[in-house]
Amino acid sequence: MVDIKRVGVIGAGQMGSGIAHVCALAGYEVLLNDLTREKIDAGLATVEHNLARQVHRGVIDQAAMDAALGRIKPAEDLDRVGKTDLAIEAATEDEDVKKAIFKALQPHLAAGTLLASNTSSISITRLASTTDRPERFIGLHFMNPVPLMKLVEVIRGIATDVGTYETAVKFARSLGKTTTNAEDFPAFIVNRVLVPMINEAIYTLYEGVGTVEAIDTAMKLGANHPMGPLELGDFIGLDTVLSIMNVLYDGLADSKYRPCPLLVKYVEAGWLGKKSGRGFYDYRGEHPVPTR
């Protein structure tokens, strides 16, 4: 088993910055990489902001925040990331993008480096097959927002060896997370259940069964969900929801996973949810307003 001390995170967006946050807080040295220095700096600013919120809420103290920030370093080049003990890819949910990252990273990898993907739906076996070390490749699916959510799905590809799996579980638990093993089937466990529910809520809207507000209120008060499914879709990103539905539909060939046409239209319009300012709610004013 590899003794993990230094972690590389490729992708400084919402997920990557969250992974860097929890790794640094747990005592790991972290190298944060993205396509540009501006994106890395934005990710570092997000980490600092979220750590400050934890200090304000009394979850951690100022000393812990300062120490965590001191452990995260920007890494504009993949050659530095390749020398870490564990390199975690946290890019957009696009198989071609992820494969390109692993291919670009491969020439820089140290012999003992473990590879992980934070994919929420894509085959670990396929991603691993693009590398020179499928036996040292694992899926580590962190939940969003990473600093708050306790679960990490650990997914083995067909070639992942026992030592890699055990090291990954030990690592995830060292971050204060609970792990669950998921087999390498489309969307794993959480999104296999969750995202079709969101898609069905969109069909419920599309077919005129209820309005945005009615559907979300019904599920919050009728099923005790903390967030309505349409609001949750906006929070996840409707492009990500569509990507996961396409992975399910293509991978399982079952019509129940067909993406709702209304979801497709929203993504085509660029209404991706909270991150773009509009989705099933309009977030550009003081309070979110339903768009349908």
The long-range amide H neighbours of L114, using H built 1.01 Å from N in the peptide plane and a cut-off of under 5 Å, are L86, A87
Evaluate the Debye formula for the chain with equal point scatterers sitting on the alpha carbons, no solvent, and hand back log10 of I(q)/I(0) at q = 0.10, 0.11, 0.12 Å⁻¹, in q order, two decimals.
-0.55, -0.67, -0.79
The range 1-33 and the range 180-201: distance between their alpha carbon centers, rounded to Å:
25
Loop-only GluC sites (Glu not before Pro) in the range 67-120, please: DSSP not H, G, I, E or B, and at most 16 other Cβ atoms within 10 Å.
E76
Evaluate the distance, in nm, between pseudo-label points positioned 7 Å from the Cα of V193 and of A45 along their respective Cα→Cβ axes.
3.8
Assuming R0 = 25 Å, what is the FRET efficiency of H225 and R53, from their Cβ-Cβ distance, to the nearest 0.05?
0.60
Using helices alone, what [θ] at 222 nm do you get for the chain, with -39,500 (n - 2.57) per DSSP H run of 4 or more residues, divided over all residues and rounded to the nearest 500?
-14000 deg cm²/dmol
What FRET efficiency comes out for the pair K83/R126, r = Cβ-Cβ distance, R0 = 30 Å, nearest 0.05?
0.70
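Loop-only GluC sites (Glu not before Pro) in the range 150-246, please: DSSP not H, G, I, E or B, and at most 11 other Cβ atoms within 10 Å. Don't skip to the end; give the middle numbers.
Details: sites: E153, E166, E183, E200, E207, E213, E231; in loops: E183, E207.
Here the sparse-neighbourhood loop sites are E183, E207.
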Within the set S174, S255, S243, GNM on the chain using Cα springs under 10 Å gives the largest fluctuation to S255
In the range 192-290, taking the dipole from +1 charges on Lys and Arg beta carbons and -1 charges on Asp and Glu beta carbons about the Cα centre, the listed residue (V289, M219, S255) farthest towards the positive end is S255
Rounded, prolate or oblate, given the Cα gyration tensor of the range 48-196, with a/c below 1.5 counting as rounded?
oblate
Rounded to the angstrom and largest first, Cα extents along the principal axes for the range 192-290 equal 42, 30, 23
Just to confirm the filter: which trypsin sites (Lys or Arg not before Pro) across the range 1-48 are DSSP coil and have at most 16 other Cβ within 10 angstrom of their Cβ?
K5
Restricted to the chain, the DSSP antiparallel beta bridge percent, nearest 5, is 25
Considering only C-alpha atoms, what is the centroid distance from the range 92-107 to the range 229-282, in Å?
23
Can you tell me what share of the DSSP beta bridges in the range 126-271 is antiparallel? A percent to the nearest 5 is fine.
50
Given charges at Cβ of Lys, Arg, Asp, Glu: the range 6-182 dipole, positive-most of A52, I40, F171
F171
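Values in this text are rule-based calculations from the coordinates and carry no lab data. These numbers were taken from a predicted model, which means no experiment stands behind them. Every residue, glycine among them, receives a Cβ derived from its backbone with ideal geometry; neighbour counts consider all protein chains shown.
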